[in-house]
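Here's the structure, in structure tokens; my notes come after.
The values are calculated or read from the model by the stated rules, or taken from the named source; none is laboratory data. Worth saying up front: this structure is predicted, and the values here are computed from it rather than measured. Note that we place each Cβ from the backbone using ideal geometry, even for glycine, and neighbour counts take in every protein chain shown.
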Amino acid sequence: MARRRMRGRDVNGILLLDKPAGMTSNAVLQRVKRLFYAKKAGHTGSLDPIATGLLPICLGEATKVSAYLLDANKGYQVTIKLGQKTTTGDIEGEVTESRPVPTLLKSELDQVLSRFVGEIEQVPPMYSALKKNGQPLYKLARQGLEVERQARRINIYSIKLLGFKSDEIELEVVCSKGTYIRSLAEDIGEKLGCGAHVKILHRILTEPFDLAGAVSLAQLEQLRADASAEALDKFLLPIDSALKFWPGVSLNKDMANYLRHGQAVLVPKAPTEGLVKLYGSQHEFLGVGHILDDGRVAPKRLICA
């Protein structure tokens, strides 16, 4: 049977999208893919439907670096509602428990929050995409089932108290991949003795990107209504912008040719270990390489020219 051709454009780059509330990350991804009329697209870590903010979307060859953004540190602004626990850990769930909120002093809040900074263990929520025996946990949760989840080690790099009132606190959190802000909110609520859930969640950071320069879905749709898909390309960042803080290795024409054929090469003054960005003689981005034990640079994920 003949292989069906993929419809769409060969468009490559990274879009910084300011995700709206009320949509799943996949729904936003499919909308962006249609607007750009792109053959291939992928996002870099799901946001809950209630969440807004930074959702980098990789188009075309940029999907080859999406895993590195998935593993990146994240930053959030979150408003936590105190005194109520919900089935989902956020405002979308049904209230399962209500407790009085104690009078809060900033010094006491700072002390509680400081306990969560650093490397900690966190139990993922039932309403998550993690799987148990091949079944997503959120599907089990919707059936009223709860299964044991193994705690995972995460890193909370900082928690900044932005404001608080009688039954709400607003925080800025910078954390490692795999951190569930809903679980963090619930754990903070337990330490305060009153329970809690997420009321508002806004992602402001996916290293190395922040919200500066992010575009909304409404902006894309408005421009697309008046112009061709190519008009949206001005919002795309270069693929290697996702690897901003990585060391780069420059290759001459022969070295680049060997790498494209899967062979490792010896590059003078290259880093001695780890992953690197690869560039050709005209400083064109070639993809991702890694350093072998003998010091040679080997291809890992190359970009098609």
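Restricting attention to region 35-47, does a residue exist that is among the hydrophobic types (A, V, I, L, M, F, W, C), surrounded by 19 or more Cβ atoms within 10 Å (Cβ to Cβ) and in contact with a Phe, Trp or Tyr (Cβ under 8 Å, 6 or more places away or on another chain)? Full working, then the answer.
Initially, region 35-47 is screened for residues among the hydrophobic types (A, V, I, L, M, F, W, C), giving 35-36, 38, 41, 47.
Checking which are surrounded by 19 or more Cβ atoms within 10 Å (Cβ to Cβ) leaves us with 36, 38, 41, 47.
If we keep only those that are in contact with a Phe, Trp or Tyr (Cβ under 8 Å, 6 or more places away or on another chain) as well, we get none.
Scanning region 35-47 turns up no residue that is among the hydrophobic types (A, V, I, L, M, F, W, C), surrounded by 19 or more Cβ atoms within 10 Å (Cβ to Cβ) and in contact with a Phe, Trp or Tyr (Cβ under 8 Å, 6 or more places away or on another chain).
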Residues being more than 15 Å from residue 243 (Cα to Cα), touching a strand residue (DSSP E or B) at 6+ places or on another chain (Cβ under 7 Å) and in contact (Cβ under 8 Å) with a residue 40 or more places away in the chain - total across region 257-305: 4
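State which residue is farthest from residue 101 (Cα to Cα) when the search covers only region 160-188 and only residues that are acidic (Asp, Glu), assigned to a strand (DSSP E or B) and out of contact with any Gly (no Cβ under 6 Å at 6 or more places or on another chain). Explain how you work it out, then say what you get.
Here is the first cut: in region 160-188, the residues acidic (Asp, Glu) are 167-168, 170, 172, 186-187.
If we keep only those that are assigned to a strand (DSSP E or B) as well, we get 168, 170, 172.
Those still in the list that are out of contact with any Gly (no Cβ under 6 Å at 6 or more places or on another chain) too: 168, 172.
Details: 168: 10, 172: 21 Å.
Taking the candidates together, the pick is 172.
Tell me whether region 1-22 contains one or more residues that are assigned to a helix (DSSP H, G or I) and either among the acidic types (Asp, Glu) or in contact with a strand residue (DSSP E or B) (Cβ under 8 Å, 6 or more places away or on another chain) (or both). Spell out the reasoning first.
Pass one, region 1-22, residues assigned to a helix (DSSP H, G or I): none.
Among the residues of region 1-22, not one is assigned to a helix (DSSP H, G or I) and either among the acidic types (Asp, Glu) or in contact with a strand residue (DSSP E or B) (Cβ under 8 Å, 6 or more places away or on another chain) (or both), which makes the answer no.
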Identify all residues within region 67-88 that are assigned to a helix (DSSP H, G or I) and either crowded, with 19+ Cβ neighbours inside 10 Å or of a type in the set (A, V, I, L, M, F, W, C) (or both); write none if there are none. 67, 69, 70
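Taking residue 96, is it of a type outside the set (Lys, Arg), in a strand (DSSP E or B), surrounded by fewer than 20 Cβ atoms within 10 Å (Cβ to Cβ) and modelled with pLDDT under 95?
Numbers: of a type outside the set (Lys, Arg): yes; in a strand (DSSP E or B): yes; surrounded by fewer than 20 Cβ atoms within 10 Å (Cβ to Cβ): yes; modelled with pLDDT under 95: yes.
Considered against the rule, which asks whether it is of a type outside the set (Lys, Arg), in a strand (DSSP E or B), surrounded by fewer than 20 Cβ atoms within 10 Å (Cβ to Cβ) and modelled with pLDDT under 95, residue 96 comes out as yes.
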Filter region 23-34 for residues that are out of contact with any helix residue (DSSP H, G or I) (no Cβ under 8 Å at 6 or more places or on another chain) and either at pLDDT 95 or above or in a helix (DSSP H, G or I) (or both); which is surrounded by the most Cβ atoms within 10 Å (Cβ to Cβ)? 29
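Take the conditions more than 30 Å from residue 270 (Cβ to Cβ) and in the same structural domain as residue 92 (by TED's automatic domain parsing) and apply them to residue 162. Does it pass?
Working: more than 30 Å from residue 270 (Cβ to Cβ): yes; in the same structural domain as residue 92 (by TED's automatic domain parsing): yes.
The answer is yes for residue 162.
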Quickly run through region 25-83 and pick out the residues that are closer than 24 Å to residue 119 by Cα, of a type in the set (A, V, I, L, M) and touching a Pro at 6+ places or on another chain (Cβ under 9 Å). 69, 72
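So, in region 191-219, of the ones that are assigned to a helix (DSSP H, G or I) and touching a strand residue (DSSP E or B) at 6+ places or on another chain (Cβ under 8 Å), which residue ends up surrounded by the most Cβ atoms within 10 Å (Cβ to Cβ)?
Checking each candidate, the answer is 192.
Taking region 223-245 as the region of interest, how many residues are buried (at least 18 other Cβ atoms within 10 Å of the Cβ) and part of a helix (DSSP H, G or I)?
We begin by selecting, within region 223-245, every residue buried (at least 18 other Cβ atoms within 10 Å of the Cβ); these are 232, 235-236, 239-240, 242-243.
From the residues that got through so far, the ones that are part of a helix (DSSP H, G or I) too are 232, 235, 239-240, 242-243.
Residues flagged as buried (at least 18 other Cβ atoms within 10 Å of the Cβ) and part of a helix (DSSP H, G or I) within region 223-245 amount to 6.
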